[in-house]
Amino acid sequence: MIRICSVLFLGILFVGCGQKESTPPQPPEPPTPPGISYPEYQGQEPTTPEETEAYEPVPPVVTPDSQNGAPSDALVLFDGSGFEQWTMTRDSSEVIWHLNEDGSMTVADKTGDIQTKQNFGDLQLHLEWRSPADIQGAGQSRANSGVFLNNLYEVQVLDNNDNTTYVNGQVASLYKQHIPLAMASVPSGEWNTYDIIYRAPDFDAAGNKVKSGTITVIHNGVLVQDHVEIKGTTPYIGWPKNPPHGKGPIRLQDHGDNSRVSYRNIWIREL
Ligand code: MG
């Protein structure tokens, strides 16, 4: 009998041998893989759904599209009515870029960059830009502008439609640092959207960078920069630099070669 039972698996063996039926054996605990562990998920695992439900902090209510397309908690930086939030970078004078009747603004060539009067750190930024339908120039000289975060880090604006240039300086690149994941431009003459999430770097008291900034860019709904590390400033010539800084303005570039780039619907949410 013992020999017969020995060929059966354990549960049948017990029954077959006339022993009392017991609780089925539990599956072994899965091995804990090495790596990240979370203190809040240590100890006795909850056995009811209520134990893993949170009721605070309650997220604030934000109404999308409540300010002509901007969320209710956004600061509108440009809605076509004027340049109240902006100043010329060169001397803090009144903006002399073109204010258009369709609610947009256009770079006034060789007048210089413009920037926000207010300074910002971490942010979510929305803006729309358009390169002219009547194409002029080639490479970096075709509708070149740019959006500088913290006044230092440029997300490239460029008409790259059938227009080849170095890819780490093409449209939606973090200039000369990060090639975009895709070329997502609409045809020249149509409006592009940029949605940018920027996290500023941290510096210690001695001015050393101790944590890099990061940037995420969505171009016309397409993820083109995925939380990439900002390695420093974005110069035309030379290595990125890391001067210590706090908050800074958002700056829009006049590339000085008749870019005729236009902007509209600019708003920001500080994070
Ligand atoms: Mg540029």
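Of all residues in region 76-105, those that are touching a Lys or Arg at 6+ places or on another chain (Cβ under 6 Å) and not in a loop (DSSP other than H, G, I, E, B) total 1.
Would you confirm whether or not region 83-98 contains a residue that is among the polar types (S, T, N, Q), more than 19 Å from Ala172 (Cα to Cα) and loosely packed, with under 13 Cβ neighbours inside 10 Å? So far as region 83-98 goes, yes, one or more of its residues are among the polar types (S, T, N, Q), more than 19 Å from Ala172 (Cα to Cα) and loosely packed, with under 13 Cβ neighbours inside 10 Å.
Quick one: which of Gly80, Gly69, Gly43, Gly35 is at pLDDT below 95 and within 25 Å of Ser259 (Cβ to Cβ)?
The conditions single out Gly69.
Having 3 or more residues that are closer than 23 Å to Thr89 by Cβ and among the hydrophobic types (A, V, I, L, M, F, W, C) is the bar; report the strands (runs of 3 or more DSSP E) wholly within region 121-173 that clear it. Write out each step before concluding.
Working: elements: 123-130, 145-149, 153-157.
Filter on region 121-173 gives 123-130, 145-149.
Does Pro180 qualify as being surrounded by fewer than 18 Cβ atoms within 10 Å (Cβ to Cβ), at pLDDT 95 or above and part of a loop (DSSP other than H, G, I, E, B)?
Details: surrounded by fewer than 18 Cβ atoms within 10 Å (Cβ to Cβ): no; at pLDDT 95 or above: yes; part of a loop (DSSP other than H, G, I, E, B): yes.
So Pro180 fails the test.
From the list Gly232, Gly248, Gly238, the one residue that fits, being surrounded by 13 or more Cβ atoms within 10 Å (Cβ to Cβ) and within 26 Å of Arg142 (Cα to Cα), is Gly232. The numbered conditions (1) more than 12 Å from the ligand (Cβ to nearest atom); (2) in contact (Cβ under 8 Å) with a residue 40 or more places away in the chain; (3) not β-branched (Val, Ile, Thr) are all true for Asp162 except (2).
What do you reckon, is Thr214 among the hydroxyl-bearing types (Ser, Thr, Tyr) and assigned to a loop (DSSP other than H, G, I, E, B)? Steps first, please.
Values: among the hydroxyl-bearing types (Ser, Thr, Tyr): yes; assigned to a loop (DSSP other than H, G, I, E, B): no.
In short, no.
Candidates are the residues of region 122-152 that are surrounded by fewer than 17 Cβ atoms within 10 Å (Cβ to Cβ) and under 21 Å from the mean Cα position of the chain (by Cα); the one that is farthest from Asn258 (Cα to Cα) is Asp122. Which is more than 30 Å from Leu123 (Cβ to Cβ) and without any contact (Cβ under 8 Å) to a residue 60 or more places away in the chain, of Glu40, Glu84, Glu56, Glu45? Glu45 is the lone residue from the list that is more than 30 Å from Leu123 (Cβ to Cβ) and without any contact (Cβ under 8 Å) to a residue 60 or more places away in the chain. Exactly one residue out of Val107, Val62 is touching a strand residue (DSSP E or B) at 6+ places or on another chain (Cβ under 9 Å), in contact (Cβ under 8 Å) with a residue 24 or more places away in the chain and within 21 Å of Thr193 (Cβ to Cβ): that is Val107. Of all residues in region 200-211, those satisfying the criterion of being assigned to a strand (DSSP E or B) and exposed (fewer than 15 other Cβ atoms within 10 Å of the Cβ) are Asp202, Val210, Lys211. Every test in (1) out of contact with any His (no Cβ under 6 Å at 6 or more places or on another chain); (2) within 15 Å of Ser173 (Cβ to Cβ); (3) surrounded by 16 or more Cβ atoms within 10 Å (Cβ to Cβ); (4) not basic (Lys, Arg) is passed by Ile197 save one, and that test is (2). For first residues located in region 198-211 and of a type in the set (Asp, Glu), partners that are modelled with pLDDT of 95 or more and lie 6+ apart or on another chain with Cβ distances below 7 Å form the pairs Asp202/Val210; Asp202/Lys211; Asp204/Val210.
Give the residue, chosen from Asp226, Asp204, Asp257, that is charged (D, E, K, R) and within 16 Å of the ligand (Cβ to nearest atom). Give the steps one after another, and end with the answer.
Values: Asp226 fails: within 16 Å of the ligand (Cβ to nearest atom); Asp204 fails: within 16 Å of the ligand (Cβ to nearest atom).
Of the residues listed, the single one that is charged (D, E, K, R) and within 16 Å of the ligand (Cβ to nearest atom) is Asp257.
The values are calculated or read from the model by the stated rules, or taken from the named source; none is laboratory data. From a predicted model like this one, the values you see are computed outputs, not experimental measurements. Please note: Cβ atoms are built from the backbone with ideal geometry, for glycine as well, and neighbour counts cover all protein chains shown.
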